[in-house]
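The values are calculated or read from the model by the stated rules, or taken from the named source; none is laboratory data. Keep in mind that what you see is a predicted model, and the values were worked out from it rather than measured. Here the Cβ positions follow ideal geometry from the backbone for every residue, glycine too, while neighbour counts run over all protein chains shown. These accessible areas exclude ligands, DNA and RNA; they are computed on the full protein's heavy atoms, side chains included. Shrake-Rupley method; radii C 1.70, N 1.55, O 1.52, S 1.80 Å.
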Amino acid sequence: MKARTDAEHKAKMQKLQAAQAKKVATKTVEKGLLIVHTGPGKGKTSAALGMAVRAIGHGMKVGVVQFVKGAMATGEKAVFDRFPDLIEFKPMGEGFTWDTQDRSRDIAVARTAWDEVRRMIADPSYAMVIADELNIVLRYDYLPVDEILEALAAKPAMTHVIVTGRNAPQVLIDAADLVTEMAQVKHPFREQNVRAQAGIEF
């Protein structure tokens, strides 16, 4: 294949730049988004908390409620605790369902965590609310999905809400503005027997 000259490359990039500028000029809507991170791959919570970092970097207030995690100390909480005016980080879970082994208690814990998410969504001072692993709760029918959808539909117009967890229900995907599915290609836990490590998993 013939190498492109600098002049040819510049001409092509200028054409792409003009096309992109034309496309961007048509995007005039600004609103709070419902975002879903799902799929079997690693990175759903990490991506959501990365968006939280981005938001607090802009001086926006963020609320995070973790539905499953909570039984262990995480690096994220250690960082976010340094910004108490900008982020409220609440790990409210009691561990994975195979660890708790108590459905009634899991439902009660999920209800308490959901009440916190609803409080944050209803408070216009929060620019972003993250419901981490809410999809797990919905998968096990700990909370009615219709109730979740109703609250999300009624959120303030400029509030961003991010829901994470594998197996997002189709109705939530349909309601969302942005959906990312994390695909697992390789994972050291499965292929190499590598344990969960600080700074990577927690």
| Alpha carbon convex hull of the chain, projected area averaged over orientations, nm² | 15.8
| Entries in Lys44/Lys77; Lys31/Lys61; Lys69/Lys155; Lys77/Lys155; Lys31/Lys77; Lys69/Lys90 that, when Cα-Cα distance is taken, lie over 19 Å | Lys69/Lys155; Lys77/Lys155; Lys31/Lys77
| request: Count neighbours as other Cβ atoms within 10 Å of each site's Cβ, and list the trypsin sites (Lys or Arg not before Pro) in the stretch 101-189 that are DSSP loop with at most 11 such neighbours. | output: Lys186
| note | Rounded to whole Å, √(5λ) for the Cα gyration tensor eigenvalues of the stretch 23-80, largest first, gives 27, 16, 10
| Spin-label point model (7 Å from Cα, Cβ direction): what's the Met60 to Lys27 distance in nm? | 1.4
| query | What part of the accessible area of the chain, given as a whole %, is carbon or sulfur when the probe is 1.4 angstrom? | reply | 55
| Spin-label model distance (nm) - Asp123 vs Ala198, 7 Å beyond Cα toward Cβ | 3.1
| said: Return the equivalent ellipsoid semi-axes of the stretch 29-115 as a descending list in whole Å, where each equals the square root of 5 times an eigenvalue of the C-alpha gyration tensor. | reply: 25, 16, 13
| message | Give me the base-10 log of I(q)/I(0) for the stretch 1-41 at each q in 0.14, 0.21, 0.35 Å⁻¹, Debye formula, one uniform scatterer per Cα, rounded to two decimals. | response | -0.64, -0.76, -1.07
| field | Mean shadow area of the stretch 136-202 over all directions, Cα convex hull, nm² | value | 6.5
| task | Multiply the residue gap between Lys90 and Arg111 by 0.36 nm, knock off their C-alpha separation, and tell me the result in nm, one decimal place. | result | 6.2 nm
| remark: A chain fully extended from Gln14 to Glu181 at 0.36 nm per residue, minus the present Cα-Cα distance, gains in nm 56.8 nm
